[in-house]
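A quick write-up on the structure given underneath.
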Amino acid sequence: MPIHDFESPAAQSKPPSRFRKPGFFLLLGLLIALGAVWLNRAQEAGPEHAAGARPIGDLEATAVPPHHTLPAASESRFMEISGRIRQGEVFSEALKREGISHIQVSELVSAVRKGVHRAEFNPNIVQRGDGYRIKVDSLGVIHRFEYTQKGAVDTRFIAQRQNSVLVAWKKHTPLDRQVVIVSGQIENMLWNALIATGENPATLGAKMTDIFEYYIDFMVDCRKGDRFSLAVEKFFKDGAFVRYGKILCAEYRAARKGYQAFIYEALDGNGDYYDAEGRSLHRLFLKSPLNYRRISSRYSGRRFHPILKKYMPHHGIDYAAHYGTPVWATAAGMVSFIGRKGALGNYIEIRHKNGYKTGYGHLSRFRKGLKQGSYVNQKQTIGYVGATGRATGPHLHYNFYTLRRGKYRLTNPARVVNRPAGKPVPKAHKDRFLRHRDRLWALLDRTNGSVVTAALTAETDAKSPDREPTPSVSGSTQ
């Protein structure tokens, strides 16, 4: 019987274990020693370098509840973030893009809604280009927030952490104010005359129109040789022009008549424009019912009709204007008719006090919600220029009626005596107003571009100008 070289399992020797090797224990001991040294150094360097710490810019991962106990000022480290709202971006998206946590954004929005009027700053409504600056600590907590709306130079919105709570408010940035004289002579139209002064014709032209809208139609009433002068506020920031303020006084002198306007603020804080005698510049009717390009047809008893090709009366004024131009009521009153009216197309009639009525024809559409019986204020939009009815192009046909012997009769608007509608300066304030008027009036003799801020704010009253008030404008016609 053959004999095999065989060992039983019990007698078979086991392979040597690696854990019995002395080198393994030396390596393990070395690793433990190095770990202890590293941990000791990290603790001495501060929490921001401890194991697992995130970079300071990664704020979303380190968010904390809003009313946590803040670290001492000596221990806090702050970082400032600045940026702008991007195209199509909402407020919360912009802040989260900067690493601000959802909890901090929610606290900020809540503070803004409590401290700032919704009409001034609504976090739900932002636009591209709005700027912001955020100050956060090492835990990602907002300590200060500033928001500047696009184009705003004198206002910003602030949120500051006070006693661990964010408090928000609106802040006005003071601008440098100057009062400047703007004067010139009409060669053909007011716009070009304002350009010659070096000022903005659109802004100042609109302001002058608003002041004299009851007396002067600058589209048709300007004549070569007419002169104007005004004192206007101009605001600057760091030496750069920002915007215009109020026109403090203005004068327009035509060949036969002059018109003055002086802003006067009563002791109760209410301000308005008055003529040289202290009468309000407000009248019952506006000079025109819209901003137009030209008068295409005037009031006439015999006009050649461009469509019917025959001579017939034209008892109104046609104002050529761009399609869709807003049309406003020339005086406050009640809508007595609204709808289609034959050749006048879309038509509105408004009944006013003192026996007057006005009509507006060829409208493209009416103001939404306007109906018969509606009350409208002066210069409130009632419709839009069109060419409905019998019309060759977009324009407004303006009718004017006066009540005579119980019937409304068509009247030439240019010949209607425009009655006063505003209250004059109270008698108790008359002397104060006259001193104020003289101080302003004296400034209008200065040359174009003169800065009169110091003269205006002087304690002593200026002497009365070397001229008498021009004839009263209270009897001017529309």
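The values are calculated or read from the model by the stated rules, or taken from the named source; none is laboratory data. Computed from a prediction, not measured in an experiment: that's the story for all the values here. Because the Cβ atoms are built from the backbone with ideal geometry, glycine has one as well, and the counts that use them run over all protein chains shown. Keep in mind that these areas ignore ligands, DNA and RNA; they rest on the heavy atoms of the full protein, side chains included. Shrake-Rupley method; radii C 1.70, N 1.55, O 1.52, S 1.80 Å.
Expressed in nm to one decimal, what extension gain is obtained for the pair residue 189 and residue 402 from 0.36 nm per residue of sequence separation less their Cα-Cα distance? Walk me through the numbers on the way to the answer.
Details: separation 213, 0.36 × 213 = 76.68 nm, distance 3.24 nm.
Stretched fully, the residue 189-residue 402 segment lengthens by 73.4 nm.
How much net charge surrounds residue 282 when only the other residues with a Cβ under 12 Å from the Cβ of residue 282 are counted, with Lys and Arg +1 and Asp and Glu -1?
+1
Sorting 195, 85 by accessible area (1.4 Å probe), largest first, what list results?
So the residues, ranked largest to smallest area, are 195, 85.
Efficiency by 1/(1 + (r/R0)^6): what FRET value for residue 380 and residue 77, r their Cβ-Cβ distance, R0 = 41 Å, to the nearest 0.05?
Computed FRET efficiency for residue 380 and residue 77 comes out at 0.10.
With every protein chain left in place and a probe of 1.4 Å, what is the accessible surface of residue 169, to the nearest 10 Å²?
My reading of the accessible area for residue 169 is about 80 Å².
Given a Förster distance of 25 Å, report the FRET efficiency between residue 227 and residue 457 from their Cβ-Cβ distance, rounded to the nearest 0.05.
0.40
Just grab the label-to-label distance for residue 279 and residue 173, each label 7 Å out from Cα along the Cβ direction, in nm (one decimal).
4.6
What FRET efficiency comes out for residue 353 versus residue 246 if R0 is 30 angstrom and r is the Cβ-Cβ distance? Round to the nearest 0.05.
It comes out at approximately 0.50.
Could you please tell me the mean projected area of the C-alpha convex hull for region 187-301, averaged over all directions and given in square nanometres to one decimal?
Projected over every direction and averaged, the Cα hull of region 187-301 covers 9.8 nm².
What does a probe at residue 84 reach in region 143-167, counting residues whose amide N is under 11 Å from the point 7 Å along Cα→Cβ?
150-151
Run through region 120-192 and list the trypsin sites (Lys or Arg not before Pro) located in a DSSP loop whose Cβ has at most 12 other Cβ atoms within 10 Å.
Values: sites: 128, 133, 135, 144, 150, 156, 161, 170, 171, 177; in loops: 128, 150.
Of the trypsin sites (Lys or Arg not before Pro), the ones in loops of region 120-192 whose Cβ has at most 12 other Cβ atoms within 10 Å are 128, 150.
Can you pull the one-decimal nm distance between simple spin-label points at residue 414 and residue 340, each 7 Å off the Cα toward Cβ?
With each label placed 7 Å out from Cα toward Cβ, I get 3.4 nm.
Once you list every other residue whose beta carbon is under 13 Å from the beta carbon of residue 148, what net charge do they have if Lys and Arg are +1 and Asp and Glu are -1?
+3
So how much accessible area does residue 165 have, in Å² to the nearest 10, using a 1.4 Å probe?
In the full protein context, residue 165 sits at about 60 Å².
Once you have the Cα-Cα distance between residue 165 and residue 256, take 0.36 nm times their residue separation minus that, and quote the gain in nm to one decimal.
26.1 nm
How large is ³J(HN,Hα) for each residue in region 330-344, as worked out from phi by the Karplus curve 6.51 cos²θ - 1.76 cosθ + 1.60 (θ = phi - 60°), to whole Hz, x for Gly and Pro?
The phi angles translate into 6, 7, 5, x, 10, 5, 9, 8, 8, x, 7, 9, x, 5, 7 Hz.
By average Cβ neighbour count within 10 Å, what is the ranking of 438-450, 204-216 from highest down?
Answer by packing, highest mean first, reads 204-216, 438-450.
Taking 0.36 nm per residue of separation and subtracting the Cα-Cα distance, what length does fully extending residue 372 through residue 202 add?
Stretched out fully, the residue 372 to residue 202 stretch lengthens by 57.6 nm.
Which links in 257/379; 96/171; 135/171; 237/379; 237/423; 357/423 stretch past 28 Å when you go from one Cα to the other?
237/379; 237/423
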